[in-house]
Each structure stands twice: as C-alpha cells, then as structure tokens.
Amino acid sequence: MKTLGHILRCLFISPELLVMVAGVACLWWLPSTFENIAHRIATNGEMLRYLGLLAAALLTYDVKVAKSILLPEDDDRNLLQKWDRFGDLKICVWVGMIYALLFAGLGLIDSLFDWTKPTAFHAVALCVAIAGGIITSGTLILAEIDLRIMLRKLSV
C-alpha cells in the first residue's frame with residue numbers, strides 16, 4: 001500500500017502532469033487561439049512533422065539518463081542500491097520514463113497528422129509533446145546531477 005501511495009504521489013505531483021493539464025486547459029478554453037497558431041505554423045508543415053519527433057528523440061536520451069541514475073558508474077560500493085529509499089527512487093525514475101513515453105507517443109502521433117488542415121488539437125499536441133519531453137528530460141538530468149553530488153560526498 002505504501003508503494004502504491006508513492007507511485008500516485010510521483011504521478012500526480014510532477015511538472016509533467018502540469019504540462020498535460022495545461023494542454024487540456026488550452027484546448028478547452030483557448031481553441032481558437034491555438035487554431036490560429038496551427039494555421040500560422042502550418043505553412044511549413046514538413047518541419048512540424050519532424051519537430052513532433054523531438055519528444056521521441058528525448059525519450060532515447062532519457063533511457064540513458066535513467067540507467068545512469070539507477071546504476072551509476074561512480075558507485076563502486078553499491079551504496080545507492082543499499083540505500084533504504086532506493087525503491088522510492090526507482091519508482092520516481094520509472095514514472096518519469098512513463099511520462100517520457102507518453103510525450104514521445106504524442107509526438108509520434110502528432111507527426112502523422114495532416115498539417116495541411118491543422119486544428120487546435122494539432123498545435124496543442126505538438127506543444128505538449130515538446131514541452132513535456134523537455135521537462136521530463138530536465139527533471140531526470142537534475143536528478144542525475146544531484147545523485148552524482150551525493151555519491152561523491154559519500155565516497156570521500
């Protein structure tokens with residue numbers, strides 16, 4: 001039960017969820033604004049098709065970062081795996097990877113859209129996929145940096 005609570009906390013108290021909620025709110029309250037944005041940026045639809053793949057590219061980088069968080073090379077004595085809260089860290093990393101997978105999927109789906117007739121959903125999906133992918137990568141990178149700092153302090 002404690003594990004489920006931690007999973008839910010990682011899912012719902014995250015900047016990634018905020019990006020998703022902001023995307024739904026923009027689609028709900030500002031559809032005409034995003035439709036205008038979609039029409040303005042649709043003049044270069046091929047570029048947008050590939051821009052949607054940025055979140056998928058970030059997912060591959062996130063896998064590398066997640067691996068270095070959970071299995072750091074600096075940890076010669078396996079201090080991280082012996083840490084009593086390692087399970088919580090692993091849950092947070094996996095939740096981050098799930099968000100990265102969702103944003104990458106949204107970016108891939110968005111790249112398959114027909115940008116010759118864009119809708120508000122096209123623009124919002126593109127913005128959410130890119131912003132969410134960047135935020136997920138940034139969160140994982142900051143976690144990796146903090147972890148390396150802590151391991152260097154402990155190895156001295």
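Since every read-out is calculated from the coordinates, none of them should be taken as a lab result. Fair warning: this is a prediction, and the values are worked out from it, not measured in the lab. No Cβ is skipped: glycine too gets one built from the backbone with ideal geometry, and neighbour counts run over all protein chains shown.
At R0 = 41 Å, how high is the FRET efficiency between E73 and L17 if r is their beta carbon distance? Nearest 0.05 is fine. E between E73 and L17, to the nearest 0.05, is 0.85. Electrostatic bookkeeping for F121 treats Lys and Arg as +1 and Asp and Glu as -1; over the other residues with beta carbon under 13 Å from its beta carbon, the sum is -2. Axis angle, to the nearest 10 degrees, between helix 120-155 and the longest C-alpha principal axis of the chain: 10 degrees. In a fully extended conformation the segment linking K117 and L53 would gain 21.1 nm over its present Cα-Cα distance, using 0.36 nm per residue. Listed peptides 22-35, 95-108 appear in the order 95-108, 22-35 once ranked by packing, highest mean of other Cβ atoms within 10 Å at the front.
Helix 2-12 axis versus longest C-alpha principal axis of the chain: approximately 40°, rounded to the nearest ten.
Taking a ≥ b ≥ c as the square roots of the eigenvalues of the Cα gyration tensor, segment 64-145 is classed as prolate, since a/c reaches at least 1.5 and a/b is larger than b/c. Helical runs (DSSP H, four residues minimum) scored at -39500 (n - 2.57) apiece and divided by the length of the chain put the mean residue ellipticity at 222 nm at -27000 deg cm²/dmol. The calculated FRET efficiency for the pair D146 and A25, based on their C-beta separation and a Förster distance of 25 Å, comes to about 0.25. Helix 86-111 axis versus longest C-alpha principal axis of the chain: approximately 20°, rounded to the nearest ten.
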